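Visitor: Below is one structure. I have some questions about it.
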Amino acid sequence: MEELFEKLYYGGKEETFDREEWKAKKQSEKEAVYQMIDETALGVVSTPESFTNYLNVQARMERYSVANALLIYRQFPNAVQLKGYDEWVKDGIYPKRNSEKINILEPAEYTKSDGTVGRTYNVKRVFDVSQTNSRQAPPQVNRDAKMTAVAMLNSSPVKVKVIDQFSDPNLKGYYDHEKSEIRIRRGLESSTQVFQVAALEMAHSELGAGLEEYRRDDNTFAANCIAYMLCMKYGIDAGCFTINRLPEKFKSMEAKEVRGVLTEMRNAMVEISDRISNELYRSRKAREKEDDRDR
């Protein structure tokens, strides 16, 4: 349907279908996309600014893999909602004329010669909602720091303990891996600060999950990045997690290694975010049920 639309709307000539030529074209497209992923992975770790901009995209597009987040960052960093042409049309929405397509990867299954099912990735062309004639308002970000922080704490897989003071007066929170608990200082300044502190310690606990030993100092940067993405996702001030410098290890990494580091951060952020979302949903349903009883 999309190819037919292009010929009618964007222009184009009918051509005799050549399957081998089509396969070669698709393979070339896929190779170009993989090259773009590798180039972008190395590019985002070249400066703190580019790395921060990538985190902004991944936080906003958390359901997309690191590879796709890198592609989105490279091609359309302000994207908020992506769909293929047919998916938009199904909703009665059409991409605007001459809109640049955004290439991402879409998983697909196929049958191997031995009859087993294999998995590959095909290039999928999508458009952002801003490239369409849609008049729908973009999804709203939850900016209630208190409600979101409560949901984060209530859904924590490790014990959360409130203490009066740490031995270090500057410390506001701490994840104790040996005791599998998060300790947060009583009397923080605001709901925003509670969220920030909880997000950072929750990030450490997620990074340490399943490990016999956990070195906090070795994971400071990753935890800060995870907390930063959580703040950005929920509309909380992320200024305390500003990235001013990048770890030296990035300079000697290959693209695949960079993607591995980014994937660990992304997966931890998604795990925490999923728990928050589920708890917010549970709380909302409980309030609705309570309201129904009061009517």
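Visitor: Probe radius 1.4 Å, ligands and nucleic acids left out: which of Val57, Val194 has the largest accessible area, and how do the rest follow?
Guide: Result of the area sort, largest leading: Val194, Val57.
Visitor: Next up: Could you sort Asp217, Asp168 by their accessible area in this structure, using a 1.4 Å probe and putting the largest first?
Guide: Asp217, Asp168
Visitor: Could you pull out the pairs from Lys146/Lys249; Lys26/Lys96; Lys172/Lys256; Lys96/Lys256 whose alpha carbons sit more than 31 Å apart here?
Guide: Going by Cα-Cα distance, Lys146/Lys249; Lys172/Lys256; Lys96/Lys256 fall outside the 31 Å limit.
Visitor: For region 167-214, what relative contact order do you get, as a whole percent, if you take Cα pairs closer than 8 Å and at least 6 residues apart?
Guide: RCO, region 167-214: 37 percent.
Visitor: Given H placed 1.01 Å from N in the peptide plane, which residues other than close sequence neighbours of Val160 have an amide H under 5 Å from its amide H?
Guide: Ile182
Visitor: Please report the antiparallel percentage of the DSSP beta bridges confined to the chain, to the nearest 5.
Guide: If I count the DSSP bridges inside the chain, around 80 percent turn out antiparallel.
Visitor: Which of the aspartates and glutamates could a cross-linker bridge to Lys161, judged by Cα under 17 Å and excluding same-chain residues fewer than eight apart?
Guide: Asp176, Glu178, Glu181, Glu201, Glu206
Visitor: Can you work out ³J(HN,Hα) from phi for every residue in region 177-189, in order, using Karplus 6.51 cos²θ - 1.76 cosθ + 1.60 and θ = phi - 60°, giving whole Hz and x for Gly and Pro?
Guide: Running phi through 6.51 cos²θ - 1.76 cosθ + 1.60 with θ = phi - 60° gives 5, 5, 8, 6, 8, 9, 10, 10, 6, 5, x, 5, 5 Hz.
Visitor: Set the Förster radius R0 to 41 Å, insert the Cβ-Cβ distance between Glu212 and Arg293 as r into 1/(1 + (r/R0)^6), and round the FRET efficiency to 0.05.
Guide: With a Förster radius of 41 Å, E is 0.30.
Visitor: Ok, one more. Can you list the residues, at least 5 places off or on another chain, whose amide H is less than 5 Å from the amide H of Leu171, using H built in the peptide plane?
Guide: Those lying under 5 Å, H to H, from Leu171: there are none.
Visitor: Kindly report the accessible area of the chain per residue (heavy atoms of protein chains, probe 1.4 Å, no ligands, DNA or RNA), in Å².
Guide: Averaged over the residues of the chain, the accessible area is 60 Å².
Visitor: Mind listing P(r) for the chain? All alpha-carbon pairs, 5 Å bins, whole percents.
Guide: Each 5 Å bin holds this share of Cα pairs: 1, 5, 10, 13, 14, 14, 13, 11, 8, 6, 4, 2, 1, 0, 0, 0.
Visitor: Something else about it: With the Cα gyration tensor of region 23-142 giving a ≥ b ≥ c as the square roots of its eigenvalues, does the rule (a/c under 1.5 for rounded; else a/b larger than b/c for prolate; else oblate) give rounded, prolate or oblate?
Guide: oblate
Visitor: With θ taken as phi - 60° and the coefficients 6.51, -1.76 and 1.60, list the Karplus ³J(HN,Hα) couplings across region 164-176 in order, rounded to whole Hz; mark glycine and proline as x.
Guide: Computed from phi, the couplings for region 164-176 are 6, 6, 8, 5, 8, x, 7, 7, 10, x, 7, 9, 9 Hz.
Visitor: Right, another one. How do 201-207, 84-90, 68-74, 245-251 rank on mean C-beta neighbours within 10 Å, highest first?
Guide: Descending mean neighbour count gives 201-207, 68-74, 84-90, 245-251.
Visitor: Would you look at the GNM of the chain, springs on alpha carbons closer than 10 Å, and say which of Pro157, Pro95, Pro107 moves the most?
Guide: Among Pro157, Pro95, Pro107, the largest GNM mean-square fluctuation belongs to Pro107.
Visitor: Sticking with this one: In a solvent-free Debye calculation with one equal scatterer on each Cα, what is log10 I(q)/I(0) for region 176-295 at q = 0.13, 0.22 Å⁻¹, listed in the order of the q values?
Guide: Cα-only, vacuum Debye calculation for region 176-295: -0.62, -1.36.
Visitor: On to the next question. Once every DSSP H run of n ≥ 4 in the chain is given -39500 (n - 2.57) and the sum is divided by its residues, what mean residue ellipticity at 222 nm do you get, rounded to the nearest 500 deg cm²/dmol?
Guide: That comes out to -16000 deg cm²/dmol.
Visitor: For the chain, modelled as a Gaussian network with Cα springs under 10 Å, which listed residue fluctuates most, Arg97, Arg125, Arg63?
Guide: Looking only at Arg97, Arg125, Arg63, the biggest GNM fluctuation is shown by Arg97.
Visitor: Enumerate the aspartates and glutamates that Lys289 could reach by cross-link, defined here as Cα to Cα under 19 Å, with residues fewer than 8 away along the same chain left out.
Guide: Cα-Cα hits under 19 Å: Glu279.
Visitor: Moving to a separate point now. Choose one answer from Asn98, Asn133, Asn122: the residue with the largest mean-square fluctuation in a GNM of the chain with alpha-carbon springs under 10 Å.
Guide: Ranking Asn98, Asn133, Asn122 by mean-square fluctuation puts Asn98 first.
The values are calculated or read from the model by the stated rules, or taken from the named source; none is laboratory data. As the structure is a prediction and not an experimental result, all values here were calculated from the model. Neighbour counts run over all protein chains shown; Cβ positions are idealised from the backbone, glycine included. Only protein heavy atoms, including side chains, enter the accessible area calculation; ligands, DNA and RNA are left aside. Shrake-Rupley method; radii C 1.70, N 1.55, O 1.52, S 1.80 Å.
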